[in-house]
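The values are calculated or read from the model by the stated rules, or taken from the named source; none is laboratory data. Just so it is clear, the model here is predicted, and its values are computed rather than measured. Positions of Cβ are generated from backbone atoms using ideal geometry, with glycine treated the same way; all protein chains shown enter the neighbour counts.
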Amino acid sequence: MTLVHHAQREVTLKLVYYGVGLGGKSTNLEIIHAQTRPEFRGKLVSVNTEAERTLFLDFLPLQLGKFRGYTVRLHLISVPGQIAQDSTRQMVLRNVDGIVLVVDSQADAIEGNNYAIRNLDYNLRQDGTDPDRIPMVVQYNKRDLPGILDVEELGERLGVPEGIPELVSSARDGWGVFATVKSIVRVCMQQLGDPSLRDEGRVECLLEEPRARFYPSGPVSMIHAIAPQEEEQELELDELELVSG
Ligand SMILES: Nc1nc2c(ncn2[C@@H]2O[C@H](COP(=O)(O)OP(=O)(O)OP(=O)(O)O)[C@@H](O)[C@H]2O)c(=O)[nH]1
Ligand SMILES: [Mg+2]
(Lines give C-alpha, C1' and ligand atoms only; values in the text may rest on other atoms or scores of the structure.)
(Ligands and ions follow the chains in the order given, each with its own letter.)
Protein backbone atom coordinates (compact mmCIF):
# COMPACT_ATOMS: atom_id res chain seq x y z
CA MET A 1 0.00 0.00 0.00
CA THR A 2 1.45 3.28 -1.14
CA LEU A 3 2.18 5.88 1.52
CA VAL A 4 0.94 9.36 0.66
CA HIS A 5 2.05 12.40 2.69
CA HIS A 6 0.34 15.59 1.59
CA ALA A 7 2.20 18.01 3.90
CA GLN A 8 5.62 16.85 2.63
CA ARG A 9 4.18 16.21 -0.86
CA GLU A 10 5.70 12.74 -0.90
CA VAL A 11 4.71 9.31 -2.12
CA THR A 12 6.56 6.17 -0.98
CA LEU A 13 6.40 2.89 -2.90
CA LYS A 14 7.51 -0.43 -1.46
CA LEU A 15 8.91 -2.56 -4.27
CA VAL A 16 9.94 -6.16 -3.63
CA TYR A 17 12.41 -8.16 -5.73
CA TYR A 18 11.23 -11.77 -5.65
CA GLY A 19 12.47 -14.92 -7.37
CA VAL A 20 14.57 -18.05 -7.39
CA GLY A 21 17.66 -18.30 -5.17
CA LEU A 22 20.81 -16.93 -6.85
CA GLY A 23 18.69 -15.35 -9.60
CA GLY A 24 20.25 -11.92 -9.13
CA LYS A 25 17.86 -10.04 -6.83
CA SER A 26 20.57 -8.66 -4.56
CA THR A 27 22.74 -7.81 -7.54
CA ASN A 28 19.95 -5.58 -8.91
CA LEU A 29 19.96 -3.56 -5.70
CA GLU A 30 23.75 -3.41 -5.59
CA ILE A 31 23.85 -1.98 -9.12
CA ILE A 32 21.17 0.59 -8.35
CA HIS A 33 23.05 1.62 -5.23
CA ALA A 34 26.36 1.84 -7.05
CA GLN A 35 25.00 3.85 -9.97
CA THR A 36 22.80 6.44 -8.26
CA ARG A 37 24.01 9.76 -6.93
CA PRO A 38 24.63 9.63 -3.16
CA GLU A 39 22.21 12.47 -2.44
CA PHE A 40 19.36 10.41 -3.90
CA ARG A 41 19.97 7.17 -2.06
CA GLY A 42 20.30 5.88 1.46
CA LYS A 43 22.43 3.02 2.71
CA LEU A 44 22.14 -0.40 1.16
CA VAL A 45 21.64 -2.72 4.08
CA SER A 46 22.13 -6.43 3.42
CA VAL A 47 21.86 -9.25 5.89
CA ASN A 48 23.71 -12.19 4.38
CA THR A 49 25.07 -15.58 5.24
CA GLU A 50 28.80 -16.08 4.98
CA ALA A 51 28.26 -17.54 1.51
CA GLU A 52 26.74 -14.20 0.38
CA ARG A 53 23.23 -15.59 0.18
CA THR A 54 20.55 -13.24 1.41
CA LEU A 55 19.54 -14.42 4.85
CA PHE A 56 17.00 -11.77 5.75
CA LEU A 57 16.73 -9.06 3.11
CA ASP A 58 18.45 -6.25 1.26
CA PHE A 59 16.99 -2.80 1.74
CA LEU A 60 17.72 0.31 -0.31
CA PRO A 61 15.83 3.61 0.03
CA LEU A 62 15.94 5.77 -3.06
CA GLN A 63 14.53 9.11 -4.12
CA LEU A 64 13.22 9.68 -7.63
CA GLY A 65 12.07 12.90 -9.24
CA LYS A 66 8.65 14.45 -8.86
CA PHE A 67 5.35 13.07 -10.10
CA ARG A 68 2.58 15.66 -10.30
CA GLY A 69 4.36 17.76 -7.69
CA TYR A 70 4.97 14.87 -5.31
CA THR A 71 8.47 13.51 -4.62
CA VAL A 72 8.51 9.77 -5.28
CA ARG A 73 10.48 7.68 -2.79
CA LEU A 74 11.19 4.00 -3.23
CA HIS A 75 11.89 1.33 -0.70
CA LEU A 76 13.59 -1.43 -2.70
CA ILE A 77 13.73 -4.75 -0.90
CA SER A 78 14.96 -8.16 -2.01
CA VAL A 79 13.75 -11.32 -0.36
CA PRO A 80 15.94 -14.34 0.39
CA GLY A 81 15.46 -16.89 -2.40
CA GLN A 82 16.34 -19.95 -0.35
CA ILE A 83 13.29 -22.12 0.13
CA ALA A 84 13.75 -22.38 3.89
CA GLN A 85 13.34 -18.62 4.39
CA ASP A 86 9.63 -18.58 3.61
CA SER A 87 8.44 -16.84 6.76
CA THR A 88 10.83 -13.96 5.98
CA ARG A 89 9.40 -13.68 2.47
CA GLN A 90 5.88 -13.53 3.88
CA MET A 91 6.87 -10.78 6.26
CA VAL A 92 8.66 -8.74 3.58
CA LEU A 93 5.60 -8.91 1.31
CA ARG A 94 3.37 -7.10 3.80
CA ASN A 95 2.06 -3.83 2.32
CA VAL A 96 3.97 -4.39 -0.93
CA ASP A 97 3.11 -2.02 -3.80
CA GLY A 98 4.88 -3.71 -6.69
CA ILE A 99 6.82 -6.88 -7.45
CA VAL A 100 9.85 -7.39 -9.66
CA LEU A 101 9.98 -11.09 -10.44
CA VAL A 102 13.63 -11.85 -11.21
CA VAL A 103 13.90 -14.90 -13.46
CA ASP A 104 17.16 -16.84 -13.86
CA SER A 105 17.30 -17.41 -17.64
CA GLN A 106 19.40 -20.58 -17.40
CA ALA A 107 17.73 -23.80 -18.55
CA ASP A 108 18.47 -25.62 -15.32
CA ALA A 109 16.80 -22.88 -13.25
CA ILE A 110 13.35 -23.43 -14.76
CA GLU A 111 12.13 -25.55 -11.87
CA GLY A 112 13.34 -23.00 -9.34
CA ASN A 113 11.71 -20.14 -11.27
CA ASN A 114 8.47 -22.10 -11.37
CA TYR A 115 8.58 -22.70 -7.68
CA ALA A 116 9.28 -19.02 -6.95
CA ILE A 117 6.21 -17.95 -8.94
CA ARG A 118 3.94 -20.37 -7.13
CA ASN A 119 5.48 -19.45 -3.83
CA LEU A 120 4.85 -15.76 -4.53
CA ASP A 121 1.24 -16.47 -5.43
CA TYR A 122 0.77 -18.47 -2.25
CA ASN A 123 2.45 -15.95 0.04
CA LEU A 124 0.49 -13.01 -1.37
CA ARG A 125 -2.76 -14.88 -0.82
CA GLN A 126 -1.74 -15.74 2.74
CA ASP A 127 -1.61 -12.02 3.40
CA GLY A 128 -4.96 -11.39 1.69
CA THR A 129 -3.42 -9.75 -1.41
CA ASP A 130 -4.80 -10.73 -4.81
CA PRO A 131 -1.73 -11.84 -6.86
CA ASP A 132 -3.57 -11.01 -10.09
CA ARG A 133 -4.01 -7.38 -9.11
CA ILE A 134 -0.59 -6.55 -7.68
CA PRO A 135 1.55 -4.42 -10.04
CA MET A 136 4.28 -6.72 -11.37
CA VAL A 137 7.05 -6.85 -13.95
CA VAL A 138 9.18 -9.82 -14.98
CA GLN A 139 12.93 -9.44 -15.43
CA TYR A 140 14.68 -12.18 -17.43
CA ASN A 141 18.12 -11.91 -15.89
CA LYS A 142 21.55 -13.39 -16.68
CA ARG A 143 21.13 -12.70 -20.41
CA ASP A 144 24.96 -12.51 -20.67
CA LEU A 145 25.36 -16.25 -20.06
CA PRO A 146 25.72 -18.81 -22.86
CA GLY A 147 23.10 -21.54 -23.17
CA ILE A 148 20.20 -19.58 -21.72
CA LEU A 149 16.61 -20.13 -22.85
CA ASP A 150 14.93 -17.74 -25.30
CA VAL A 151 12.78 -15.11 -23.67
CA GLU A 152 9.73 -16.42 -25.58
CA GLU A 153 10.30 -19.95 -24.34
CA LEU A 154 10.86 -18.75 -20.78
CA GLY A 155 7.67 -16.71 -20.83
CA GLU A 156 5.74 -19.67 -22.14
CA ARG A 157 7.16 -22.24 -19.76
CA LEU A 158 6.65 -19.97 -16.78
CA GLY A 159 3.14 -19.05 -17.91
CA VAL A 160 3.80 -15.30 -17.78
CA PRO A 161 0.38 -13.81 -18.54
CA GLU A 162 -0.28 -10.98 -20.97
CA GLY A 163 -0.17 -7.51 -19.52
CA ILE A 164 2.97 -8.02 -17.42
CA PRO A 165 5.88 -5.94 -18.74
CA GLU A 166 8.85 -8.20 -19.54
CA LEU A 167 12.42 -6.93 -19.41
CA VAL A 168 15.82 -8.44 -20.11
CA SER A 169 18.93 -7.79 -18.09
CA SER A 170 22.34 -8.76 -16.98
CA ALA A 171 22.38 -7.45 -13.45
CA ARG A 172 25.97 -8.59 -13.12
CA ASP A 173 26.99 -6.44 -16.07
CA GLY A 174 24.68 -3.64 -14.97
CA TRP A 175 22.25 -3.42 -17.89
CA GLY A 176 18.46 -3.72 -17.80
CA VAL A 177 18.44 -2.93 -14.11
CA PHE A 178 17.24 0.69 -14.29
CA ALA A 179 14.78 -0.12 -17.09
CA THR A 180 13.24 -2.68 -14.73
CA VAL A 181 12.84 -0.35 -11.80
CA LYS A 182 11.39 2.36 -14.05
CA SER A 183 8.92 -0.12 -15.47
CA ILE A 184 7.55 -1.21 -12.10
CA VAL A 185 7.35 2.40 -10.88
CA ARG A 186 5.38 3.28 -14.03
CA VAL A 187 2.86 0.48 -13.40
CA CYS A 188 2.43 1.57 -9.77
CA MET A 189 2.06 5.26 -10.57
CA GLN A 190 -0.54 4.50 -13.23
CA GLN A 191 -2.64 2.91 -10.50
CA LEU A 192 -2.02 5.69 -8.03
CA GLY A 193 -2.95 8.50 -10.43
CA ASP A 194 -2.81 12.04 -9.10
CA PRO A 195 -1.50 11.77 -5.51
CA SER A 196 -3.24 15.00 -4.48
CA LEU A 197 -6.59 13.27 -5.01
CA ARG A 198 -5.69 10.40 -2.69
CA ASP A 199 -6.26 10.13 1.06
CA GLU A 200 -3.40 10.73 3.47
CA GLY A 201 -1.53 7.62 4.66
CA ARG A 202 -1.66 4.13 3.20
CA VAL A 203 -3.65 3.86 0.00
CA GLU A 204 -4.33 0.77 -2.05
CA CYS A 205 -2.84 0.71 -5.55
CA LEU A 206 -3.96 -2.63 -6.93
CA LEU A 207 -4.85 -3.04 -10.60
CA GLU A 208 -8.53 -2.27 -11.15
CA GLU A 209 -8.97 -5.26 -13.46
CA PRO A 210 -7.25 -8.54 -12.53
CA ARG A 211 -4.94 -9.79 -15.28
CA ALA A 212 -4.81 -13.38 -16.44
CA ARG A 213 -3.24 -15.76 -13.92
CA PHE A 214 0.15 -17.41 -13.96
CA TYR A 215 -0.77 -21.12 -14.18
CA PRO A 216 -4.52 -20.75 -14.70
CA SER A 217 -5.04 -24.32 -13.48
CA GLY A 218 -2.06 -24.74 -11.14
CA PRO A 219 -2.81 -25.97 -7.62
CA VAL A 220 -1.01 -23.31 -5.60
CA SER A 221 -2.21 -24.89 -2.37
CA MET A 222 0.27 -27.71 -2.99
CA ILE A 223 3.14 -25.23 -2.90
CA HIS A 224 5.05 -26.89 -0.08
CA ALA A 225 4.76 -30.33 -1.62
CA ILE A 226 6.49 -29.28 -4.85
CA ALA A 227 9.49 -27.47 -3.41
CA PRO A 228 12.64 -28.56 -5.26
CA GLN A 229 15.21 -30.19 -3.03
CA GLU A 230 17.72 -27.76 -1.62
CA GLU A 231 20.66 -28.41 0.63
CA GLU A 232 19.87 -27.69 4.25
CA GLN A 233 21.93 -24.87 5.63
CA GLU A 234 22.61 -24.35 9.30
CA LEU A 235 22.44 -20.68 10.15
CA GLU A 236 24.34 -19.37 13.10
CA LEU A 237 24.21 -15.89 14.47
CA ASP A 238 27.94 -15.22 14.07
CA GLU A 239 27.69 -16.07 10.38
CA LEU A 240 25.68 -12.93 9.87
CA GLU A 241 27.38 -10.16 8.07
CA LEU A 242 25.93 -6.68 7.99
CA VAL A 243 27.05 -4.82 4.92
CA SER A 244 26.40 -1.16 4.50
CA GLY A 245 27.89 1.15 1.98
N1 LIG B 1 26.36 -14.12 -15.23
C2 LIG B 1 25.53 -13.47 -14.43
N3 LIG B 1 25.58 -13.64 -13.11
C4 LIG B 1 24.73 -12.95 -12.34
C5 LIG B 1 23.77 -12.05 -12.87
N6 LIG B 1 23.08 -11.51 -11.84
C7 LIG B 1 23.58 -12.06 -10.71
N8 LIG B 1 24.58 -12.92 -11.00
C9 LIG B 1 25.40 -13.70 -10.09
O10 LIG B 1 24.59 -14.70 -9.49
C11 LIG B 1 24.98 -14.90 -8.13
C12 LIG B 1 23.79 -14.69 -7.22
O13 LIG B 1 23.37 -13.32 -7.30
P14 LIG B 1 22.53 -12.65 -6.15
O15 LIG B 1 22.20 -11.27 -6.59
O16 LIG B 1 23.19 -12.81 -4.84
O17 LIG B 1 21.21 -13.58 -6.19
P18 LIG B 1 19.95 -13.51 -5.22
O19 LIG B 1 18.77 -13.70 -6.10
O20 LIG B 1 19.98 -12.30 -4.38
O21 LIG B 1 20.18 -14.83 -4.34
P22 LIG B 1 19.52 -15.17 -2.89
O23 LIG B 1 19.70 -13.98 -2.03
O24 LIG B 1 20.24 -16.35 -2.40
O25 LIG B 1 18.08 -15.47 -3.16
C26 LIG B 1 26.11 -13.92 -7.87
O27 LIG B 1 27.32 -14.60 -8.06
C28 LIG B 1 25.94 -12.86 -8.95
O29 LIG B 1 27.15 -12.23 -9.32
C30 LIG B 1 23.74 -11.86 -14.29
O31 LIG B 1 22.96 -11.10 -14.85
N32 LIG B 1 24.65 -12.62 -15.01
MG1 LIG C 1 19.96 -12.05 -2.39
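At least 1 residues being buried (at least 18 other Cβ atoms within 10 Å of the Cβ), without any contact (Cβ under 8 Å) to a residue 12 or more places away in the chain and within 16 Å of ligand 1 (Cβ to nearest atom) is the threshold, and among the strands (runs of 3 or more DSSP E) wholly inside region 1-63 not one reaches it.
The C-beta contact set for region 74-94 (first residue without any contact (Cβ under 8 Å) to a residue 12 or more places away in the chain, second residue among the aliphatic types (A, V, I, L, M) and surrounded by fewer than 21 Cβ atoms within 10 Å (Cβ to Cβ), distance under 9 angstrom, 6+ apart or interchain) is empty. Just one residue in the set PHE56, PHE67, PHE40 is within 16 Å of ligand 2 (Cβ to nearest atom) and farther than 13 Å from VAL181 by Cα; that residue is PHE56. Residue under question is GLU162, and the condition is that it be more than 15 Å from the chain's Cα centre (by Cα), over 24 Å from ARG73 (Cα atoms) and part of a helix (DSSP H, G or I); does it hold? Taking the combined requirement at face value, the residue does not satisfy it.
One line per residue, one yes/no per condition, for (1) away from ligand 2 (no atom under 16 Å from the Cβ); (2) of a type outside the set (S, T, N, Q):
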position	(1), (2)
ARG157	yes, yes
VAL168	yes, yes
ASP173	yes, yes
VAL177	no, yes
THR180	no, no
ARG186	yes, yes
MET189	yes, yes
GLY193	yes, yes
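Taken over region 122-145, the residue count meeting the criterion of being within 16 Å of ligand 2 (Cβ to nearest atom) and within 12 Å of the chain's Cα centre (by Cα) is 1. For region 64-82, the candidate set comprises residues that are more than 16 Å from ligand 1 (Cβ to nearest atom) and not in a strand (DSSP E or B); within that set, the residue that is surrounded by the most Cβ atoms within 10 Å (Cβ to Cβ) is ARG68. Tell me yes or no: at least one residue of region 27-38 is within 30 Å of GLU156 (Cα to Cα) and among the small types (Gly, Ala, Ser). Within region 27-38, not a single residue is within 30 Å of GLU156 (Cα to Cα) and among the small types (Gly, Ala, Ser). For region 136-143, the count of residues that are in a strand (DSSP E or B), touching a Leu at 6+ places or on another chain (Cβ under 6 Å), touching a residue at least 40 places away in the same chain (Cβ under 8 Å) and of a type in the set (S, T, N, Q) is at least one.
For (1) among the hydroxyl-bearing types (Ser, Thr, Tyr); (2) modelled with pLDDT of 95 or more; (3) on the phi < 0 side of the Ramachandran plot, each residue gets a yes or a no:
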residue	(1), (2), (3)
GLY23	no, yes, yes
LEU29	no, yes, yes
ARG37	no, no, yes
LEU44	no, yes, yes
THR54	yes, no, yes
PHE59	no, yes, yes
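If you go through region 84-110 and keep only what is surrounded by 20 or more Cβ atoms within 10 Å (Cβ to Cβ), closer than 18 Å to GLN126 by Cβ and β-branched (Val, Ile, Thr), you end up with VAL92, VAL96, ILE99. On inspection, THR129 does not qualify as closer than 30 Å to ASP194 by Cβ and in contact with a strand residue (DSSP E or B) (Cβ under 8 Å, 6 or more places away or on another chain).
The single residue among ASP86, ASP104, ASP173, ASP97 that is at pLDDT 95 or above, under 24 Å from GLU52 (Cα atoms) and within 16 Å of the chain's Cα centre (by Cα) turns out to be ASP104.
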